[in-house]
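Worksheet for the structure shown next.
The values are calculated or read from the model by the stated rules, or taken from the named source; none is laboratory data. Quick caveat, the model's predicted, so the values are computed rather than measured. All Cβ positions, even for glycine, are placed from backbone atoms using ideal geometry, and neighbour counts span all protein chains on display. Just the protein is used for accessible areas: all its heavy atoms, side chains included, with ligands, DNA and RNA removed. Shrake-Rupley method; radii C 1.70, N 1.55, O 1.52, S 1.80 Å.
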Amino acid sequence: MLVSVDDVVSSAIDAASHELRKLSLTIHDNPELALKEVHACKVLTDYLSSKGFSVEHNVAGLDTAFVASYQSPAGSDGLHIGFCSEYDALPGVGHACGHNLIAICGVAMFLAISSVLEKCQIPGTVKLFGTPAEEAIGGKITMQKAGVFDGSDLLMMLHPTPGYSGSWHSQCCLSMEVEYFGKASHAAMAPWDGINAGTAANVAMMTMNAMREQLKPDWRTHGIVTTGGKAANVIPDYAKIEYTVRTSWAEELAVLEQRALNVFAAAALATGCTYKVTKEFAYLDNQDNPVLGKMYEDIMHDRLGVPPARAQGGSTDFGNLSQSFISLHGNFDLVGTGVPNHTVEFTEGARTEKAHENALFAAKTSARVAARCLVDGEFWERVKGAHKERKSAPSAREFYEKLSA
Ligand SMILES: [Zn+2]
Ligand SMILES: [Zn+2]
């Protein structure tokens, strides 16, 4: 039974490989920023509709979110399995996170499990969630809040990285916008009459950098100036910075958040400015199901002969889903050169034939893991048991879930 299910998975993905490659290339060649993924959303949903799947558009009030679904002819009593596709790009560097590959991996796994449900006459439902804006506001969080994922027994997605892994404990992250308000004045004739908002931003960033010495190795702070003034001879009356802070666990995020808030307040006090902090979004840590992750890693290891590579940082809005659902965020090696995400080299790698091959092998692997959940009751019981034992920090988690909502 298991062998034939694996064959069904492989055949379905092999049969679609050429079409998936075309989808991947057109998304890569037309990079669109978060919430503006109109072309990507259209080509993906057109493709799914052309294959006869029902597709829901404009999901959860997001123009570029969609849900495609398929119900087994054997009935809907079985598991409800969902896959996530992402397709947003990054400013300036295009598909430097390889979301064109994530998009087609989602489609590939969806096609594979649809085929398993149909050909093996297994009851169940499979969905493909088109989830926009992973690099910005976290479309999955908006969709989760709207109840789009309700009823899912298992959620999966794939992401290209340097190396592969089925156990990525990603970081929690909180993004904040900090505005400083001062008073404009001539920078040479009457600087003493001004209150320099640009200096407040500067002090905040210097102090955040100085604080790094006392941060834990797995904590991160990083920020940019988005408004720093308009002319060197005018004391800026307004400045804006954006900061992200990250930790491994939600309860630590509360600690680092407070330290950052103290810094932002101190910069205002030091310069005589007033200030305002707007918390933008919070991603929670991703916790892969260890039983699912081990099967994924075992198959990958058999093929590649090298051990898994655990990513040392980074966050995903899929982490929020992993707090509530049984899940696997499989990472796969982009092209084997060790190039990190968010670089021009990664953008180039994400367009290669090699990356396409690696993506589809990962999709077959993940889909085999999902298929096993459908056909092997003892395996599924172990998966559920492991989910109950995962580490959680309810109070901090609830706080940040509320913030994200
Ligand atoms: Zn990214
Ligand atoms: Zn990414």
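Residues of region 55-64 that are out of contact with any Phe, Trp or Tyr (no Cβ under 8 Å at 6 or more places or on another chain) and either of a type in the set (G, A, S) or in a strand (DSSP E or B) (or both): A60, G61.
Do we find that E37 is in contact with a Pro (Cβ under 6 Å, 6 or more places away or on another chain), charged (D, E, K, R) and open to solvent by less than 10 Å² (accessible area, probe 1.4 Å) in this structure?
On the way: in contact with a Pro (Cβ under 6 Å, 6 or more places away or on another chain): yes; charged (D, E, K, R): yes; open to solvent by less than 10 Å² (accessible area, probe 1.4 Å): yes.
So E37 passes the test.
When the residues of region 1-50 are filtered to those that are in contact (Cβ under 8 Å) with a residue 24 or more places away in the chain and polar (S, T, N, Q), which remaining residue is nearest to E135 (Cα to Cα)? Here the answer is S24. In region 95-123, the residue that is nearest to the chain's Cα centre (by Cα) out of those that are buried (at least 22 other Cβ atoms within 10 Å of the Cβ) and not in a helix (DSSP H, G or I) is C97.
Return yes when P217 is open to solvent by less than 60 Å² (accessible area, probe 1.4 Å) and not in a helix (DSSP H, G or I) and no when it is not. No; evaluated as a whole, the condition is false for this residue.
Name every residue in region 67-94 that is more than 16 Å from ligand 1 (Cβ to nearest atom) and surrounded by 24 or more Cβ atoms within 10 Å (Cβ to Cβ), in order of residue number. Scanning region 67-94 gives A68, I81, G82, F83. Screening G139, G106, G124, G151 for residues that are closer than 25 Å to S17 by Cβ and in contact (Cβ under 8 Å) with a residue 60 or more places away in the chain leaves exactly one candidate, G124.
Scanning region 288-319 for residues that are touching a residue at least 24 places away in the same chain (Cβ under 8 Å), farther than 30 Å from V148 by Cα and not in a loop (DSSP other than H, G, I, E, B) returns I299, M300, R303, L304.
Tell me yes or no: at least one residue of region 185-204 is assigned by TED's automatic domain parsing to the domain that holds R259, part of a loop (DSSP other than H, G, I, E, B), more than 30 Å from E401 (Cβ to Cβ) and open to solvent by 80 Å² or more (accessible area, probe 1.4 Å). Talk me through it step by step, then tell me what you get.
Of region 185-204, the ones assigned by TED's automatic domain parsing to the domain that holds R259 are 185-204.
Subset that is part of a loop (DSSP other than H, G, I, E, B): 185, 187-190, 194, 196.
From what's left, more than 30 Å from E401 (Cβ to Cβ): 185, 187-190, 194, 196.
Pick out the ones that are also open to solvent by 80 Å² or more (accessible area, probe 1.4 Å) and you get 189.
Yes - at least one qualifying residue is present in region 185-204.
Suppose we filter V339, V335 for residues that are of a type in the set (A, V, I, L, M, F, W, C), in a loop (DSSP other than H, G, I, E, B) and within 19 Å of the chain's Cα centre (by Cα); which single one remains? Being of a type in the set (A, V, I, L, M, F, W, C), in a loop (DSSP other than H, G, I, E, B) and within 19 Å of the chain's Cα centre (by Cα) holds for just one of V339, V335, which is V339. The condition of being among the acidic types (D, E) and closer than 20 Å to E86 by Cα holds for only one of E257, E252, E348, E297, that being E348.
For I141, only one of the following conditions fails: (1) assigned to a helix (DSSP H, G or I); (2) out of contact with any Cys (no Cβ under 9 Å at 6 or more places or on another chain); (3) away from ligand 2 (no atom under 16 Å from the Cβ); (4) not small (G, A, S). What is its number? Of (1) assigned to a helix (DSSP H, G or I); (2) out of contact with any Cys (no Cβ under 9 Å at 6 or more places or on another chain); (3) away from ligand 2 (no atom under 16 Å from the Cβ); (4) not small (G, A, S), only one is false for I141: (3).
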